[in-house]
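What follows is a set of notes on a single structure, which appears directly below.
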Amino acid sequence: MPDQPMRIRLRAAMTAVSAIVLAIIVAGGIAHASVVQSVGPPVGPASVSPLGHPGLCWQAGGNGSAITLEACETAVQGQLWTFTSNGVLMNGNGYCLQNGGPSQSDPQPNASLFLSFSGQCAAAASQEWTFSGVTSGIKNTPDDLCAYVQGGGLVPGAEIVGRRCGSTGSGDMWSQGVSDLTLSGASRSASTRAQRPASTRRAFTAEVTVSNAARATTAYAASVTVRPPSGLTVTKLAGTGDLSNWTCTVRMLKCSGNLVAGSSGQITIGGTVASRSPADAMTAHAAVMRTNQARHAIRSAAIPVRVFAMTTGGAAQASPSHGALSSSTVTFGVIVAGLLLALGIFLAIITRRRQQPATPTLAGPGAED
């Protein structure tokens with residue numbers, strides 16, 4: 001058996017090398033990981049408007065005041081609402097939204113909603129509200145009660161009341177603030193046309209950047225659709241950066257998901273080229289379904305197309321920014337492979353020394369039998 005010091009040195013060496021390899025792997029993973037931000041409820045202060053009607057806003061005054069729809073005015077504090085950290089929905093005058101229970105004067109099973117400061121707005125059950133980017137509903141969770149427009153009429157003066165969530169009707173979909181989604185493509189290069197090979201086996205790549213302004217609200221249910229010109233067939237569609245968790249479908253030529261304020265990402269498009277003279281660009285269109293948008297329609301973007309020759313194996317000879325491994329990725333792989341190789345050689349040497357038989361001692365002329 002190997003002596004105790006040898007075993008200790010062997011164990012220490014293996015631990016040290018393993019720690020180095022693990023540290024490099026973790027560092028590499030952090031450097032290359034996509035940023036995925038979780039989409040939570042909006043905070044504010046911001047207006048609360050019916051979905052699709054950004055010109056109408058919730059408005060309320062002080063203690064005991066009802067909530068009504070009025071024409072939006074940015075200077076009116078009673079139209080600014082904030083979801084606080086404890087789930088309270090507070091307006092700019094310092095009062096919070098409260099579920100007052102069934103109204104005595106309303107024959108329908110509705111609940112009165114009003115402003116209150118009872119309990120210092122400390123998130124009593126009647127003051128606990130959530131906003132959903134999936135349903136666009138504002139909900140008093142303990143009572144499963146959702147805010148909606150009484151009678152469904154989206155007009156100034158209409159009162160906001162509560163009713164059981166999921167009830168049939170309209171006027172219960174809201175946007176807290178507005179998103180500001182924009183599209184942009186890379187600058188069109190004058191050398192793009194000259195780079196196109198004469199080979200008939202060609203592929204293309206393109207990329208569109210999707211951004212949401214820092215002072216906007218989360219763009220819920222956003223989508224980007226690409227429209228390739230004749231001669232280009234899309235076979236790859238993927239989101240990167242803050243769009244890495246979006247769902248992309250090649251068949252629909254569409255990517256969709258949520259995008260929080262102050263974030264951006266890219267959608268990479270790839271495919272094959274059938275035309276001898278394909279267009280220099282394709283178009284991308286965007287929409288936001290569950291949030292009011294800063295502009296009525298998002299401006300479409302022209303996305304430059306890069307065309308490359310296909311190798312004999314069918315892969316595209318893309319530029320480093322479109323599909324090739326970056327130098328940092330290659331360096332990281334070489335370092336890890338080298339360390340693992342060094343560890344294997346070290347262990348082989350140690351094992352060989354342990355298995356080598358001891359040299360016999362030769363007996364001298366006067367040694368006893």
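Could you go through region 153-161 in sequence order and give the Karplus-derived ³J(HN,Hα) for each residue, using 6.51 cos²θ - 1.76 cosθ + 1.60 with θ = phi - 60°, rounded to whole Hz, and x for Gly and Pro?
x, 8, 9, x, x, 5, 8, 9, 10
Please get the size of the charge dipole for region 48-176, origin at its Cα centre, with Cβ charges of +1 on Lys and Arg and -1 on Asp and Glu, quoted in debye to the nearest 20.
It comes to approximately 100 debye.
Calculate, in nm to one decimal, what Ser85 and Asn63 gain on full extension: separation in residues at 0.36 nm each, minus their alpha carbon distance.
Contour length minus Cα-Cα distance gives 5.8 nm.
I need the semi-axes of the equivalent ellipsoid of region 179-309: take the C-alpha gyration tensor, multiply each eigenvalue by 5, square-root it, list largest first in whole angstrom.
29, 14, 12
If I take R0 = 56 Å and measure r between the Cβ atoms of Met289 and Leu340 in this structure, what FRET efficiency does the formula 1/(1 + (r/R0)^6) give, to the nearest 0.05?
Working from the Cβ atoms, E equals 0.70.
Counting only C-alpha contacts under 8 Å and six or more residues apart, can you give the relative contact order of region 48-176 as a whole percent?
Result for region 48-176 is 26 percent.
Among rounded, prolate and oblate, which fits region 48-176 when a ≥ b ≥ c are the square roots of the eigenvalues of its C-alpha gyration tensor, a/c under 1.5 means rounded, and a/b larger than b/c means prolate?
It is rounded, given that a/c, with a ≥ b ≥ c, falls under 1.5.
At 0.36 nm per residue, and after removing the present C-alpha to C-alpha distance, how many nm does the segment from Ser277 to Ala186 gain when stretched out fully?
That works out to 30.7 nm of additional length.
Please give the length that would be gained between Lys236 and Ser170 if that part of the chain were fully extended, namely 0.36 nm times their separation in residues minus their C-alpha to C-alpha distance (nm, one decimal).
Taking 0.36 nm per residue and subtracting the Cα distance, the gain is 19.8 nm.
Every number in this text was worked out from the coordinates using simple rules, so none of it is lab data. A quick note: this is a predicted structure, and the numbers were derived from the prediction, not measured. Because the Cβ atoms are built from the backbone with ideal geometry, glycine has one as well, and the counts that use them run over all protein chains shown.
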